[in-house]
Amino acid sequence: MKDQIINEHESLAIIQQMIDKSKERIVDNSLYFYMWGFAVSICAITQYILLKMLFTRTQYVWLLMPFMAIVHVWIAIKREKTALRKTHHDFAIQSVWMALGIAFFIIVGLSFQVSFNLFSFLILLYGIGTFTTGRIIQFTPLIMGGCVCFILCVLINFIDGPEQLLILALSVIAAYIIPAYLLQQDFKKHISTAK
Amino acid sequence: MRKFGDLDPLLHSQLRLAIVSLLVSVKEADFSYIQEATNATNGNLSVQLTKLKDAEYIDIKKSFENNYPKTTCKITKKGLKAFERYVDDIRNYLSPKK
């Protein structure tokens with residue numbers, strides 16, 4: 001492409017061509033969903049097993065979470081630096097998850113002072129994140145995963161004891177792990193058809 | 001009605017229009033991404049980006065990534081308005097209102 005004068009039809013063609021090029025690449029963001037999906041489900045199931053084996057202080061399994069947050073931030077910064085472009089969608093998704101990340105810290109912090117069902121609120125936040133991301137990138141499995149979380153955040157209030165941990169694990173499997181797998185497959189398919 | 005010749009001369013050029021159209025579609029883009037999308041040469045792209053920057057249509061951020069220079073471009077509000085006006089002008093030219 002050169003710096004030359006064009007006519008009106010060429011102008012429209014260039015605008016259309018550039019808009020199409022910006023749509024060409026979809027980004028594989030399944031890594032974050034896998035990371036958190038496996039971390040939360042492994043912690044929840046491990047704590048459940050430990051409780052069933054009558055261990056005490058099982059809550060320490062959740063110390064993996066701050067470590068995961070550090071790893072997440074590190075990967076995000078690295079990806080941001082090497083990214084060739086940032087779309088409006090990327091910015092919107094990033095903003096949603098930043099707000100949810102802050103909400104997670106507030107809710108977990110509050111749970112030490114105020115009595116409420118922490119897991120119910122966490123599942124609700126998972127649902128909001130996946131549902132919104134699914135709507136933005138128009139990916140149905142994420143929207144469905146979000147809907148499953150909306151149901152589970154209500155259902156968990158009618159279940160007592162350690163079994164709540166299994167509901168928590170189920171929520172991240174439905175909202176993070178399964179959609180992440182499908183997102184990755186979709187990305188691979190997109191790449192192979194683009195070649 | 002504005003005539004075709006009245007179109008923003010800064011946008012009414014193949015490469016500059018392509019750059020601005022691309023930056024309207026994405027939030028920000030790296031120099032190499034713009035180069036790949038527009039098929040422009042290094043030198044020509046640099047010149048056109050500077051012209052758009054001087055007109056305050058785009059922002060250019062220079063940084064270093066692994067010791068290599070990295071140039072990131074982003075459209076400004078002024079650039080976005082100019083682009084919208086350009087598209088309106090073309091639309092009016094192609095189907096003038098009676």
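The values are calculated or read from the model by the stated rules, or taken from the named source; none is laboratory data. Keep in mind the model is a prediction, meaning the values are calculated, not measured. All Cβ positions, glycine included, derive from the backbone under ideal geometry; neighbour counts span all protein chains shown. In case anyone asks, the SASA skips ligands and DNA or RNA and just uses the protein heavy atoms, side chains included. Shrake-Rupley method; radii C 1.70, N 1.55, O 1.52, S 1.80 Å.
Quick look at the numbers
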item	result
Total residues in segment A:81-92, condition under 18 Å from the mean Cα position of the chain (by Cα) and not charged (D, E, K, R)	5
Test: residue in segment B:87-94 that is in a loop (DSSP other than H, G, I, E, B) and either facing another protein chain (nearest Cβ under 8 Å) or in contact (Cβ under 8 Å) with a residue 24 or more places away in the chain (or both)	no
Selection count where residues are farther than 26 Å from residue A:59 by Cα and open to solvent by 70 Å² or more (accessible area, probe 1.4 Å), scope segment A:138-171	3
Test result for residue B:74, of a type in the set (Lys, Arg), under 22 Å from residue B:33 (Cβ atoms), under 16 Å from the mean Cα position of the chain (by Cα) and surrounded by fewer than 15 Cβ atoms within 10 Å (Cβ to Cβ)	no
Residues satisfying the stated conditions in segment B:1-16, i.e. farther than 18 Å from residue B:76 by Cβ, among the aliphatic types (A, V, I, L, M) and more than 7 Å from chain A (Cβ to nearest Cβ)	B:1, B:7
Members of segment A:37-69 that are open to solvent by 90 Å² or more (accessible area, probe 1.4 Å) and assigned to a helix (DSSP H, G or I)	A:38, A:42, A:52, A:59, A:60, A:63, A:67
Filtered residue count, segment B:37-60, keeping only those that are within 11 Å of chain A (Cβ to nearest Cβ) and either closer than 14 Å to residue A:15 by Cβ or in a loop (DSSP other than H, G, I, E, B) (or both)	5
Set A:108, A:73: member being of a type outside the set (Phe, Trp, Tyr), in a helix (DSSP H, G or I) and closer than 30 Å to residue A:158 by Cα	A:108
Filtered residue count, segment B:17-36, keeping only those that are facing chain A (nearest Cβ under 7 Å) and either of a type in the set (Phe, Trp, Tyr) or open to solvent by 10 Å² or more (accessible area, probe 1.4 Å) (or both)	6
Criterion: within 14 Å of chain B (Cβ to nearest Cβ), assigned to a helix (DSSP H, G or I) and in contact with a strand residue (DSSP E or B) (Cβ under 6 Å, 6 or more places away or on another chain) - qualifying residue of A:22, A:11	A:22
Selected residue [within 13 Å of the chain's Cα centre (by Cα) and open to solvent by 40 Å² or more (accessible area, probe 1.4 Å)] from A:95, A:30	A:95
Check on residue A:121, within 15 Å of residue A:40 (Cα to Cα) and touching a Cys at 6+ places or on another chain (Cβ under 8 Å)	yes
Single residue of A:88, A:72 found to be closer than 29 Å to residue B:65 by Cβ and open to solvent by less than 70 Å² (accessible area, probe 1.4 Å)	A:72
Any helices (runs of 4 or more DSSP H) falling wholly within segment A:119-195 and containing at least 3 residues that are within 17 Å of residue A:34 (Cα to Cα) and under 14 Å from the mean Cα position of the chain (by Cα)	A:140-155, A:178-194
